[in-house]
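*Asks:* Before we start, here is the structure in question, set down as structure tokens.
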Amino acid sequence: MSTTAELLKGAAELFPGEVVTQAHVRHFDLPLGAGRFALITLDNGHDHTKPTTLGPQSLANIDAAIDQVEKEAADGEIVGVGVTGKPFIFAVGADLKGVELLKRHEDALAIGKGGHDVFKRLAKLAVPTFAYYNGAAMGGGVEIGLHCTYRTVSAALPAFSLPEVFLGLVPGWGGCTLLPNLIGAEKAVSVIIENSLNQNRQLKGKQVYELGIADALFEGADFLEQSLIWTASVLKGEITVERPAVDRGEAWDQAVAKGRFVADSKVHGAAPAAYRALDIIAAAKDGDLQKGYDAEDQALADLIMGGELRAGIYAFNLVQKRGKRPAGAPDKNLARPVTKVGVVGAGLMASQLALLFLRRLEVPVVLTDIDQERIDKGVGYVHAEIDKLLGKGRINQDKANRLKALVTGVLDKAEGFADADFIIEAVFEEMGVKQQVFAEVEAVAPAHAILATNTSSLSVTEMASKLRHPERVVGFHFFNPVAVLPLLEIVRGEKTDDASLATAFGVAKKLKKTAVLVKDAPAFVVNRILTRFMGEIQNVIDEGTPVEVAEKAVEPLGLPMSPLVLLELVGPAIGLHVSETLNRAFPDRFTVSPNLKAVVEAGKRGFYVYDSGKPELDPEVAALLKQGDTVLTEEQVRDRVLDAVAQEIGLMLDEGVVAEAQDIDLCLITGAGWPFHLGGITPYLDREGVSERVTGKRFLEPGVASVPA
Amino acid sequence: MPRTVRDVVFVDGVRTPFGKAGPKGIYHETRADDLVVKAIRELLRRNPGLDPKKIDEVAIAATTQIGDQGLTIGRTAGILAGLPQSVPGYSIDRMCAGALTAVTTVAGSVAFGAYDVAIAGGVEHMGRHPMGEGVDPNPRFVSEKLVDESALFMGMTAENLHDRYPSITKQRADEYAVRSQEKAAKAYANGKIQADLVPISVRRTSPEAGETGWGLVTADEPMRPGTTLENLAGLKTPFRVHGRVTAGNAAGLNDGATASVIASEDFARENGLPVKMRLVSYSFAGVEPEVMGYGPIPATEKALAQAGLSISDIGLFEINEAFAVQVLAFLEHYGIADDDARVNQYGGAIAFGHPLASSGVRLMTQLARQFEEQPHVRYGLTTMCVGFGMGATVIWENPHFEGDK
């Protein structure tokens, strides 16, 4: 047995649950009399809903296939070797489940080396090698192709990426080294760094070709046939593949520098993966492949054994799996059909909700408000947004006509809601007003209609308490901007019944939102944590720490924006309102900052001015601030803030606000944009020892979002 | 409104390699619609002068129009092939003469002026859709003796044709079959066939049939080069005890697809498209269903009469070899020798296979090649027998004809 085979055998023993990919070798004559060809098909034996992945046994199978074609190539029996995938899938990279199981640095090193050792053999065959990217290709799947002499890509390929940095890894089976050497550092940085850090943006087949990753592009209908005819032409010398020379001068360094700038702006140095990848790309400039591969192995092993990757995989699984099967949701068969939606209120939030329901449910949506002018404005907003979609080509004229015809506004709730199945209110955030609205709606709506509230902090139970049928009231809390943030907190009031809740989850799914079941507790999940977080920042500022120190203190977390910039986005007045609500509920932990109050009373919309292009403390705000004389260091601020967050999460779990810590993290990722490398927040709090310091225990068992014990 | 009948031409034709139906066949895991889609796409690639937007019709034949051969495959294949949505399509069925009828039907529309250019072809995946799948013959056929009970079994109709022509012995049929294999092998060796084949990628997941994974098919699977009379002599006669029809002197059960471009001659010339054959006449005829193999004879009589030609004017014949006896009956009727050099120069369905509704265009594609090589020939014909007692004949003129020399 070769060393590679032994290495992979050892790795395979650590991962007994691997979905094993076969590497089928099939021989045939190429067209044009170009000779005998061996085509390797990567196929895990499942249909496209279970994409082909590359665990250690799969790599061993590829290794064995290469044993076969290597001999045939050496013996002159074949003129070339190709690699392709099963229908719709090329290969989507390493099997993350296997990575999660790794406990030791040397095992992690073996994974990287195993992949390299197998793939490198493709480049060393006695005949040219061809990758045919027929379908989804990610990570290690992309990298197999990079080791081949030539590549073709299908115009129908929907997703192509090196997503490792997104997850907390580096493209470590040759990607970091080969890609810049193939297409230049600038384009490689855009694929490896920028796309990964932009919500794991995927390339389409045409872009793969235009970037120069593939040498030829063919349409999906006869992609493999045309690829093989092209192969025959290349082998016969009728087609010469020419690739632009890679600029190994200053452009290379500039590209890496740009990559660092992008990484800084996204993760603020908080997650190591992008920087490790950039280091390898920088070193690849001299074209020494083996040196690059060694650096990839080392980076992979370090990252696999580090917390960010485990948190990244955990976060990925939360969004992909738990986000799609909400914990605690009732049997979906209990859900009632929703064939008409009512929206109470025609303000901006209500209009945005109307637009969302309209686009996703494609049922009649009726807006009501207190006067015709507001209603006209609300309907006008929806129509204008539909026109924008039409203008951008996102919908066609027929669809625009259909959507416009579906949205109406009426003054009389009885007329509008008599046959509505789902009525959501988005009126002023005050209990009395909301109770009044629900009473009016109940008087005219059908008995089965769901009454949903978009309240961000009021009690759903109390809101329902004066109704004849409180069992049909559900909290349906969206996050701004409604069209962008995926999270929907679905709140079960004390009397909410299963059918109503199931209907709410059914609607959430059709809205394509990530629904999380939340108990009726003050400010639910995201706002409660964010307010506690912000409150602690406010506290240290109020006590005397300079604003910039407080802001910088949490930079190492790599949040999407600084606390005060977030406050500006939310609106200081709303922030103040939520803090007041929570202060009433939990006065011992939630404070109301007098400085924030002053800023709001002064009518300021934020703390910063941007005259210089960068945020600078607004002198008018500075003049309003009254600070104490306790000045903390960044580290002290960070500890206080994280301690507060950990304490709050611990209490929320004790109160049963959500089923598990996983739901807290899912909420923070999808509702507040907290980064994958933090895993939301609880993996980070565990990793940094904050949880144990504050609550006496971890939030997650070791191995859930960390290296297993 | 005054009308002028327009000349109709065969611009180009291609086909997939033909496969053997069944679990070990090359196309066992390939959809029928994908086969015809790939043929259409090859036509478009070969004829860049043909603007897809100008295609007026896609007529695709299939005998069993269900599953991947259903859903109005002419329309769906057009969309799947990437034709503009403005190009319409329909399905057509005349069993074995499906593709031939697709050609004549669109040709009629071109002549009439309804179309300038159309795609006509056929597909039959007899592995996925065995003959007789889902049929429900009216019981009156039997109760009122409208047809003989053997009419639905093509092999039995071939035995019946042997009865009608007692001089056509099994020996003659086998000799014909051996020649068909020889001619086909020679045509392959001379590269006459491959140029009009579309390579097809095929997947195999079951190892019983050979290497698994994706492969590429570039040649007909049914071919049996080197077949001898001795090989054939011992084969069973499954349709009749002591019969004459065997798997060796008949076409098999096959999978495949064909497609062609049919246009007005003016359109072809204006768009720089090749003119490979000019349509002279076409005709269909019915005969007793139980001797359906006799069909080409009356169909040819009619087509010749329409064209004002006699059989002696025909310089090349492409006769579908559903059964050797059916070709031999035709030749015997017209007094043509079994081994006449004008007949099936490249061999026929006995060697290549006969995926029912696709075969008509294969005959035309081969005749077109022969026309090009033999400019001394002015007329040729393509003819085939059709289930339930029919024959179909198309007479073509060679545009390369250089006059009698």
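*Asks:* Exactly one condition in (1) over 19 Å from the mean Cα position of the chain (by Cα); (2) in a loop (DSSP other than H, G, I, E, B); (3) within 14 Å of another protein chain (Cβ to nearest Cβ) is not met by residue B:215; state its number.
*Replies:* (2)
*Asks:* Pull out all pairs, ordered by first then second residue, where Cβ-Cβ is under 6 Å, the residues are six or more apart or on different chains, the first lies in segment A:546-563 and is of a type in the set (S, T, N, Q), and the second is outside any loop (DSSP other than H, G, I, E, B) and surrounded by 20 or more Cβ atoms within 10 Å (Cβ to Cβ).
*Replies:* As it stands, the answer is A:562/A:551, since those pairs meet every condition given.
*Asks:* Another one. Please go through segment A:347-385 and give me each residue that is under 31 Å from the mean Cα position of the chain (by Cα), outside any helix (DSSP H, G or I) and modelled with pLDDT under 95, ordered by number.
*Replies:* A:347
*Asks:* Has segment B:306-315 got at least one residue that is free of Cβ contacts under 8 Å to residues at least 12 places away in the same chain, small (Gly, Ala, Ser) and not in a loop (DSSP other than H, G, I, E, B)?
*Replies:* yes
*Asks:* Then there is this: Could you say whether any residue in segment A:386-404 is out of contact with any helix residue (DSSP H, G or I) (no Cβ under 7 Å at 6 or more places or on another chain) and on the phi > 0 side of the Ramachandran plot?
*Replies:* yes
*Asks:* Given the condition of a type in the set (Val, Ile, Thr) and under 18 Å from residue B:153 (Cα atoms), answer yes or no: does some residue in segment B:288-310 qualify?
*Replies:* There is at least one residue in segment B:288-310 that is of a type in the set (Val, Ile, Thr) and under 18 Å from residue B:153 (Cα atoms).
*Asks:* Being free of Cβ contacts under 8 Å to residues at least 60 places away in the same chain, closer than 30 Å to residue A:89 by Cα and not hydrophobic (A, V, I, L, M, F, W, C) is the requirement here; does residue A:219 meet it?
*Replies:* When the stated conditions are applied, residue A:219 does not pass them.
*Asks:* Write out, first by first residue and then by second, each pair whose Cβ atoms fall under 6 Å of each other, whose residues are 6+ apart or on separate chains, and whose first residue, in segment A:659-680, is on the phi > 0 side of the Ramachandran plot and outside the structural domain of residue A:646 (by TED's automatic domain parsing) while the second is surrounded by fewer than 24 Cβ atoms within 10 Å (Cβ to Cβ) and assigned to a loop (DSSP other than H, G, I, E, B).
*Replies:* A:673/A:560
*Asks:* Continuing with the same structure: When segment A:658-681 is examined, which residues are found to be buried (at least 24 other Cβ atoms within 10 Å of the Cβ) and in a loop (DSSP other than H, G, I, E, B)?
*Replies:* The answer is A:658, A:674, A:675, A:679, A:680, A:681.
*Asks:* Looking at (1) farther than 19 Å from residue A:181 by Cα; (2) surrounded by fewer than 24 Cβ atoms within 10 Å (Cβ to Cβ), find the lone condition where residue A:123 falls short.
*Replies:* Single failed check for residue A:123: (1).
*Asks:* Any residue that is within 24 Å of residue A:219 (Cα to Cα), surrounded by 23 or more Cβ atoms within 10 Å (Cβ to Cβ) and either within 14 Å of chain A (Cβ to nearest Cβ) or free of Cβ contacts under 8 Å to residues at least 12 places away in the same chain (or both) - is there at least one of those in segment B:85-105?
*Replies:* Within segment B:85-105, none of the residues are within 24 Å of residue A:219 (Cα to Cα), surrounded by 23 or more Cβ atoms within 10 Å (Cβ to Cβ) and either within 14 Å of chain A (Cβ to nearest Cβ) or free of Cβ contacts under 8 Å to residues at least 12 places away in the same chain (or both).
*Asks:* Now for a separate question. Go through segment A:129-157 and give me each residue that's aliphatic (A, V, I, L, M) and either within 21 Å of residue A:115 (Cβ to Cβ) or crowded, with 24+ Cβ neighbours inside 10 Å (or both).
*Replies:* Result: A:131, A:136, A:137, A:138, A:142, A:144, A:146, A:153, A:157.
*Asks:* Moving on to the next point. Residues that are β-branched (Val, Ile, Thr) and either surrounded by 15 or more Cβ atoms within 10 Å (Cβ to Cβ) or within 14 Å of chain B (Cβ to nearest Cβ) (or both): list the helices (runs of 4 or more DSSP H) wholly contained in segment A:181-276 that include at least 2 such residues.
*Replies:* Once the helices (runs of 4 or more DSSP H) in segment A:181-276 are filtered for at least 2 residues that are β-branched (Val, Ile, Thr) and either surrounded by 15 or more Cβ atoms within 10 Å (Cβ to Cβ) or within 14 Å of chain B (Cβ to nearest Cβ) (or both), what remains is A:223-235, A:250-267.
*Asks:* Can you give me the number of residues within segment B:1-50 that are hydrophobic (A, V, I, L, M, F, W, C) and either within 15 Å of residue B:257 (Cβ to Cβ) or within 14 Å of another protein chain (Cβ to nearest Cβ) (or both)?
*Replies:* 12
The values are calculated or read from the model by the stated rules, or taken from the named source; none is laboratory data. No experiment lies behind these values; they were computed from the predicted model shown. Ideal geometry is used to build each Cβ from the backbone, glycine not excepted, and the neighbour counts take in all protein chains shown.
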